[in-house]
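None of the figures in this text is laboratory data; all of them are computed from the coordinates on show. Note that the structure is a prediction, hence the values are computed from the model and not measured. Virtual Cβ from ideal backbone geometry, glycine too; neighbours counted across all protein chains shown.
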Amino acid sequence: MSNENRLDIIIFGATGFTGKRTIPQLTTLIKSENLSLTWGVAGRSEQKLKNALLEMQQQTGEDYTKIPLIIADIDNKESIEKMTAAARIIINAVGPYRFYGERVVDACVKSGTHHVDVSGEPQYMETIQLKYHKAAAEKGIYLVSACGFDSIPADMGVVFLQKNFQGTLNSVESYLYSTIEGGPYPGAILHYTTYESAVHGIANWGELREIRKNLYPEKLPTFEPKLLPKRGFFKNKFLNKWCTIFPGGDRSVCLRTQRYMFEKHRQRPIQVHCYTAYENFFYLLVTLFFGAIFLVMSKLSFTRKLLLAYPRIFTCGMASHEGPTEEKQEHTLFSFVLVGEGWSETQAEPTDQFATPPEKIALAKVSGRNPGYGATCVMLATAALMILTEKDKMPVGGGCYPPGAAFANTSMIEKLNKHGLKFEMNPEL
């Protein structure tokens with residue numbers, strides 16, 4: 001199908017928890033930017049698609065009665081290929097991507113269709129880059145994963161800090177924390193699909209060594225001073241909060257962007273470590289306790305089945321098949337504080353070493369509301385619009401990229417600042 005006859009955007013998985021919530025966010029973004037774009041929704045059931053559109057219509061007052069419906073089943077290859085051939089870009093909200101993502105990516109590459117998703121699974125993201133980057137570049141299309149919370153605040157946050165550092169940035173430590181307004185609001189904070197992805201990601205963490213050996217056969221130069229991870233738990237002096245290492249894929253995403261910037265733009269790659277922060281030492285201990293159980297049980301087939309069968313029990317109620325209530329989502333606030341260290345001076349070559357230790361510190365912050373399923377949908381829809389409207393500011397020719405590499409030179413941060421997120425330097429903490 002020629003591009004002239006395609007819809008601009010198809011949201012695949014539009015009846016799911018994230019896909020459905022992307023519908024009103026996409027509508028808002030298109031209207032606010034005065035864009036004339038066509039879009040549709042895709043899924044297995046025509047009736048469920050109609051129900052999802054009706055639900056969003058009742059919430060927003062928008063008229064969704066004429067939105068095209070595309071029947072596509074992740075287990076039906078022909079239907080997936082027909083769907084990807086009917087759009088310029090697919091917003092893929094069908095996870096876990098470890099099991100279902102590659103089928104859509106493969107079809108997108110064959111049909112010359114851009115693809116964005118909200119995966120936070122390093123094994124999936126790096127496998128897709130390894131297998132499809134060259135083919136995507138040959139087709140002139142972009143494949144961008146990690147287009148949601150918490151990867152966009154982490155990766156674009158580092159890009160934002162680097163652009164505003166005014167000197168040479170050597171390292172960044174990011175600290176993620178959340179607060180709830182009012183309440184208490186009962187129920188989970190995670191939907192089951194997010195939890196399921198985490199279980200399988202940790203269970204198969206060992207796959208990354210072989211993937212990365214093939215993806216990056218050449219090591220980056222060594223940069224001094226080396227940023228070492230902080231083990232166990234500690235209190236951060238800037239936040240006055242208790243912190244521990246963040247077990248998600250943010251660091252993986254950030255380091256892929258930094259490697260790209262070094263290899264393609266000769267920028268000194270920033271060293272990154274990611275942490276979570278807690279107001280209360282007791283909450284930190286509870287998190288570490290359940291985290292240890294989660295880690296051990298993810299490794300064994302039998303106990304992994306228990307984790308997946310009883311998410312409420314093994315997360316102390318934080319994950320469920322129903323996901324968080326709308327009320328809880330809207331009253332959840334998040335902050336990413338990024339602490340950067342480096343030098344006031346710049347050097348001619350990125351591999352040049354400084355004779356003195358870093359003497360400059362700068363802080364940045366990315367914050368917003370409803371991180372997992374509100375801000376995420378804004379970020380996901382914005383990523384799709386960046387590809388459609390600012391391709392000239394992205395890596396030349398197409399390919400598979402993390403968001404920082406893909407969108408560093410676009411107006412993504414400006415757009416996100418207009419739609420509920422806030423990127424700021426030297427924040428009050």
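Annotations
- Along each principal axis, taking the top coordinate minus the bottom one, the Cα set of the stretch 131-182 gives 48, 38, 16 Å in descending order.
- A Förster radius of 30 Å combined with the Cβ-Cβ distance from SER178 to LYS48 puts the calculated FRET efficiency at roughly 0.45.
- Applying both filters, DSSP loop and at most 15 other Cβ atoms within 10 Å, to the GluC sites (Glu not before Pro) of the stretch 320-389 gives GLU322, GLU345, GLU359.
- Reachable lysines from LYS219, criterion Cα separation under 22 angstrom, eight or more residues apart if same chain: LYS131, LYS134, LYS264
- Radius of gyration, Dmax [the stretch 25-157; alpha carbons; angstrom]: 15.5, 44
- In the stretch 351-427, the ratio of gyration radius to Kirkwood radius, Rg to Rh, stands at 1.08 when only Cα atoms are counted.
- Per-residue ellipticity at 222 nm, computed for the chain from helices alone with -39500 (n - 2.57) per DSSP H run of at least four residues, works out to -13500 deg cm²/dmol.
- The chain - convex hull of the alpha-carbon atoms, volume per residue in Å³: 145 Å³
- Compactness of the stretch 247-344 was expressed as the Cα radius of gyration divided by 2.2 N^0.38 Å, which yields 1.46.
- Using the Cβ-Cβ distance between GLU279 and LEU130 with R0 set to 35 Å, the FRET efficiency from 1/(1 + (r/R0)^6) comes to roughly 0.30.
- Three-way shape call for the stretch 80-141 based on the alpha-carbon gyration tensor, with the a/c threshold at 1.5: oblate
- The ellipsoid that matches the Cα gyration tensor of the stretch 278-429 has semi-axes, each √(5λ) in whole angstrom, of 35, 24, 19, with the longest given first.
- Cα centroid separation - the stretch 253-324 against the stretch 173-219, whole Å: 4 Å
- Distance between the stretch 234-250 and the stretch 25-101 - C-alpha centres, whole angstrom: 37 Å
- Normalised per residue, the volume of the convex hull around the Cα set of the stretch 93-193 (Å³): 152 Å³
- Two-site FRET efficiency, LYS110 against LYS235, from Cβ-Cβ distance with R₀ of 60 Å, rounded to 0.05: 0.70
- Pairs spanning more than 22 Å between alpha-carbon atoms, out of LYS110/LYS391; LYS139/LYS213; LYS48/LYS77: LYS139/LYS213.
- Nearby lysines by direct alpha-carbon distance to LYS328 (threshold 24 angstrom, same-chain neighbours under 8 apart not counted): LYS20, LYS241, LYS365, LYS418, LYS422
- Of the GluC sites (Glu not before Pro) in the stretch 142-245, those whose Cβ has at most 13 other Cβ within 10 Å and which sit in DSSP loop: GLU181, GLU218
- Cα→Cβ-extended label distance, 7 Å offset, between TYR216 and ALA292, nm: 3.1 nm
- Tensor-based shape of the stretch 1-45 (alpha-carbon gyration tensor, a/c under 1.5 rounded, otherwise prolate or oblate): oblate
- Span-rule helices in the chain, defined as complete DSSP H runs reaching 15 Å or more along the axis (Cα) with Kyte mean at least -0.5: 17-32, 97-111, 151-163, 192-203, 281-299, 376-389
- Equivalent ellipsoid semi-axes - Cα gyration tensor, the stretch 217-300, angstrom: 30, 17, 10
- Counting only Cα atoms, the stretch 159-265 measures 49, 36, 26 Å along its principal axes, largest extent leading.
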